[in-house]
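Undergrad: Following this message is one structure expressed as structure tokens.
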Amino acid sequence: MVILVTGGAGFIGGNFILEWLSNQEEPVVNLDKLTYAGNPETLAGVRDSSRYFFIQGDIGDRKLVAALLRNYRPRAILNFAAESHVDRSIKGPGDFIETNVVGTFGLLDAVRDYWSHLRPAGQEAFRFLHVSTDEVYGSLAPDDAPFSESNRYEPNSPYSASKAASDHLVRAWHHTYGLPAITTNCSNNYGPYHFPEKLIPLCILNACAGKPLPIYGDGMQRRDWLYVKDHCHALRRVVEDGVPGETYNIGGNCEKANLEVVQTICAVLDEVRPREDGKSYAEQITFVQDRPGHDRRYAIDASRIESELGWKPSETFETGIRKTVLWYLENEGWVQNVTTGAYRDWVREHYGT
Ligand code: NAD
Ligand code: DAU
């Protein structure tokens, strides 16, 4: 028995593989293109494991995927591979359409071919888990109920539109061809190995470097934050006991305004690594131009996965953010490794500094 993970050198996929290998005997094959967001250093601890196999390649490369499926014969596939950064999708949507839409299509078609040739028992047991986002539901008004699985899809950014398209493809491959596929729609993750283009790691690292902490617009946009390891546990529950054709919302039940998130990071840093001048890191908060089309509020109703699969997040934002800040302070080597020339170019182009 073996599982195939795509995009396993990224933030969530990397955490998932580390968690999986430390909890189960079953080997993992990781197919990752290693874009700017893929970092094999995240998996350095399992690189030499006889239960870990890495293949560099594109989910849209059908020949490669078909060969992988033939050779490893996975019983389940978790598709994390995607272009994932909303700001980058606004500056250049092409890669998002290529990977998230066309790539997912190629992957699904290769998987369908593999699955259709399995014996009946193998077909029955097989799972394709597509990891998606709450952003497909669009933006909530202040008094709206959190997103449930039956909310309408109303994606607003090129990123969320491309993820919505991929969710629809997955749905159709189940409905039309019977592929035992499940989609999860998760809220904002944070935790170790998060690429520092995203709000939380960016602010931790900028704070320590004495740089501005850029808050878009008024900073009152709200997100539902989930510690990444809690997400990984949820995905394991879904791949084991989720119902094919269903979707599951996953969230931290932890809605916060961006400004509050950054203030909390500053408060933890003030305590664990005080600034030399005795002032608070909050002095570095800087309001900058808003993201075009910026969604105001996301919130997840995770009651289905809680009641049907018995999953609940174990970290609160306070415990999770403290662990995260400490992880970044203790893992300077990993941070140096990801902040390549390409990353510095993005920061210069996007923030103008
Ligand atoms: P990430 O950007 O950190 O990692 C993406 C990984 O996919 C990278 O390792 C990259 O090299 C790889 N990849 C990109 N294009 C590929 C291709 N064509 N073929 C193979 N590999 C490719 O992303 P993440 O934050 O870990 O997100 C993982 C998944 O979870 C994505 O599908 C994302 O939409 C979804 N998601 C993320 C969050 C979040 O808060 N980060 C929340 C909900 C859902
Ligand atoms: O909701 C799930 C989504 O969460 C995932 O599908 C995406 O892959 C993931 O990137 C994340 O998207 P966001 O756009 O919410 O994450 P980001 O960290 O980029 O931004 C979080 C919030 O902080 C958002 O409201 C924008 C704001 N922000 C972000 C950056 C990078 C700032 O105010 N300043 C910044 O510099």
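The values are calculated or read from the model by the stated rules, or taken from the named source; none is laboratory data. This one's a predicted model, so the numbers in the text were calculated from it and none came from an experiment. Glycine also receives a Cβ, built like all others from the backbone with ideal geometry; neighbour counts cover every protein chain displayed. What goes into the accessible areas is simple: the full protein's heavy atoms, side chains included, and nothing from ligands, DNA or RNA. Shrake-Rupley method; radii C 1.70, N 1.55, O 1.52, S 1.80 Å.
The rows are residues; the columns are (1) touching a strand residue (DSSP E or B) at 6+ places or on another chain (Cβ under 6 Å); (2) among the basic types (Lys, Arg); (3) closer than 26 Å to residue 151 by Cα; (4) open to solvent by less than 80 Å² (accessible area, probe 1.4 Å).
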| residue | (1), (2), (3), (4) |
| --- | --- |
| 257 | yes, no, yes, yes |
| 267 | no, no, no, yes |
| 293 | no, no, yes, yes |
| 317 | yes, no, yes, yes |
| 320 | yes, no, no, yes |
| 338 | no, no, no, yes |
| 350 | no, no, no, yes |
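Undergrad: State which residue is nearest to ligand 2 (Cβ to nearest atom) when the search covers only segment 112-129 and only residues that are touching a residue at least 60 places away in the same chain (Cβ under 8 Å) and surrounded by fewer than 23 Cβ atoms within 10 Å (Cβ to Cβ). Give the steps one after another, and end with the answer.
TA: Initially, segment 112-129 is screened for residues touching a residue at least 60 places away in the same chain (Cβ under 8 Å), giving 112, 115-116, 127, 129.
Going one step further and asking which of them are surrounded by fewer than 23 Cβ atoms within 10 Å (Cβ to Cβ), we end up with 112, 115-116, 127.
Numbers: 112: 25, 115: 27, 116: 31, 127: 22 Å.
Within segment 112-129, the match that is nearest to ligand 2 (Cβ to nearest atom) is 127.
Undergrad: Given the criterion within 13 Å of ligand 1 (Cβ to nearest atom), among the hydroxyl-bearing types (Ser, Thr, Tyr), at pLDDT 95 or above and under 24 Å from residue 60 (Cα atoms), identify the matching residue among 187, 160.
TA: Details: 187 fails: under 24 Å from residue 60 (Cα atoms).
Matching residue, one of 187, 160: 160.
Undergrad: Still on this structure, I have one more. Of all residues in segment 74-99 being more than 14 Å from ligand 1 (Cβ to nearest atom) and closer than 28 Å to residue 242 by Cβ, which is surrounded by the most Cβ atoms within 10 Å (Cβ to Cβ)?
TA: In this case the residue turns out to be 74.
Undergrad: While we're on this one: Considering only segment 221-278, state which residues are under 30 Å from residue 210 (Cβ atoms), away from ligand 2 (no atom under 14 Å from the Cβ) and outside any helix (DSSP H, G or I).
TA: 273, 274, 275, 276, 277, 278 - these are the residues of segment 221-278 that are under 30 Å from residue 210 (Cβ atoms), away from ligand 2 (no atom under 14 Å from the Cβ) and outside any helix (DSSP H, G or I).
Undergrad: Go through segment 129-167 residue by residue and tally those that are of a type outside the set (Asp, Glu) and within 15 Å of residue 82 (Cβ to Cβ). Before you say what the answer is, go through the steps one by one.
TA: Just the residues of segment 129-167 that are of a type outside the set (Asp, Glu), to begin with: 129-133, 136-142, 145-148, 150-153, 155-166.
Applying the additional criterion that residues be within 15 Å of residue 82 (Cβ to Cβ) yields 129-133, 136, 155, 157-166.
Final tally of qualifying residues: 17.
Undergrad: Something else about it: Tell me the residue from 76, 82, 67 that is out of contact with any Asp or Glu (no Cβ under 8 Å at 6 or more places or on another chain), at pLDDT 95 or above and within 16 Å of ligand 2 (Cβ to nearest atom), please. Full working, then the answer.
TA: Working: 76 fails: within 16 Å of ligand 2 (Cβ to nearest atom); 67 fails: within 16 Å of ligand 2 (Cβ to nearest atom).
Just one listed residue meets the conditions, 82.
Undergrad: Please list, ordered by first then second residue, the pairs with beta carbon atoms under 6 Å, 6 or more apart or interchain, first in segment 50-63 and touching a residue at least 12 places away in the same chain (Cβ under 8 Å), second part of a loop (DSSP other than H, G, I, E, B).
TA: Listed by first residue and then by second, the contacts come to 51/27; 56/34; 58/33; 59/81.
Undergrad: Also: Taking residue 243, is it open to solvent by 10 Å² or more (accessible area, probe 1.4 Å) and away from ligand 1 (no atom under 16 Å from the Cβ)?
TA: It is true that residue 243 is open to solvent by 10 Å² or more (accessible area, probe 1.4 Å) and away from ligand 1 (no atom under 16 Å from the Cβ).
Undergrad: Let me ask another. Could you look through segment 189-207, keep only residues that are in contact with a Leu (Cβ under 7 Å, 6 or more places away or on another chain) and open to solvent by 10 Å² or more (accessible area, probe 1.4 Å), and pick out the one that is farthest from ligand 2 (Cβ to nearest atom)? Full working, then the answer.
TA: Residues of segment 189-207 in contact with a Leu (Cβ under 7 Å, 6 or more places away or on another chain): 189, 196, 203, 206-207.
Narrowing further to those that are open to solvent by 10 Å² or more (accessible area, probe 1.4 Å): 189, 206.
Details: 189: 7, 206: 9 Å.
Step by step, filter segment 189-207, then rank; the result is 206.
Undergrad: Let me ask you something else. Of the numbered conditions (1) under 21 Å from the mean Cα position of the chain (by Cα); (2) within 23 Å of residue 232 (Cα to Cα), residue 126 fails exactly one; give the number of that condition.
TA: Looking at each condition in turn, residue 126 falls short on (1).
Undergrad: Under 18 Å from residue 101 (Cα atoms) and open to solvent by less than 40 Å² (accessible area, probe 1.4 Å) - does that describe any residue in segment 140-151? Break it down stepwise before answering.
TA: At the first step, the residues of segment 140-151 found to be under 18 Å from residue 101 (Cα atoms) are none.
Scanning segment 140-151, I find no residue that is under 18 Å from residue 101 (Cα atoms) and open to solvent by less than 40 Å² (accessible area, probe 1.4 Å), so the answer is no.
Undergrad: Applying the selection to segment 164-181, what residues are β-branched (Val, Ile, Thr) and surrounded by fewer than 23 Cβ atoms within 10 Å (Cβ to Cβ)? Steps first, please.
TA: Narrowing segment 164-181 to residues β-branched (Val, Ile, Thr): 170, 176.
Hit for segment 164-181 is 176, nothing else.
Undergrad: Still on this structure: Would you list the helices (runs of 4 or more DSSP H) that sit entirely within segment 279-353 and hold 2 or more residues that are farther than 30 Å from residue 249 by Cα and modelled with pLDDT of 95 or more? Steps first, answer last, please.
TA: Values: elements: 303-309, 317-330, 332-338, 341-351.
Per the criteria, 317-330.
Undergrad: Next question. Please go through segment 123-143 and pick out each residue that is away from ligand 1 (no atom under 16 Å from the Cβ) and of a type in the set (Phe, Trp, Tyr).
TA: If the condition is that a residue be away from ligand 1 (no atom under 16 Å from the Cβ) and of a type in the set (Phe, Trp, Tyr), then 126 is the only one that fits.
Undergrad: Since residue 66 meets every condition but one in (1) open to solvent by 30 Å² or more (accessible area, probe 1.4 Å); (2) away from ligand 1 (no atom under 11 Å from the Cβ); (3) outside any strand (DSSP E or B); (4) without any contact (Cβ under 8 Å) to a residue 40 or more places away in the chain, which condition does it not meet?
TA: Tallying (1) open to solvent by 30 Å² or more (accessible area, probe 1.4 Å); (2) away from ligand 1 (no atom under 11 Å from the Cβ); (3) outside any strand (DSSP E or B); (4) without any contact (Cβ under 8 Å) to a residue 40 or more places away in the chain, residue 66 fails exactly one: (4).
Undergrad: All but one of (1) within 27 Å of residue 10 (Cβ to Cβ); (2) open to solvent by less than 40 Å² (accessible area, probe 1.4 Å) hold for residue 306; which doesn't?
TA: Going through (1) within 27 Å of residue 10 (Cβ to Cβ); (2) open to solvent by less than 40 Å² (accessible area, probe 1.4 Å) one by one, residue 306 breaks only (2).
Undergrad: Another question, if that's okay. Only residues that are touching a Ser or Thr at 6+ places or on another chain (Cβ under 7 Å) and over 26 Å from residue 111 (Cα atoms): list them for segment 159-191, please.
TA: Scanning segment 159-191 gives 190, 191.
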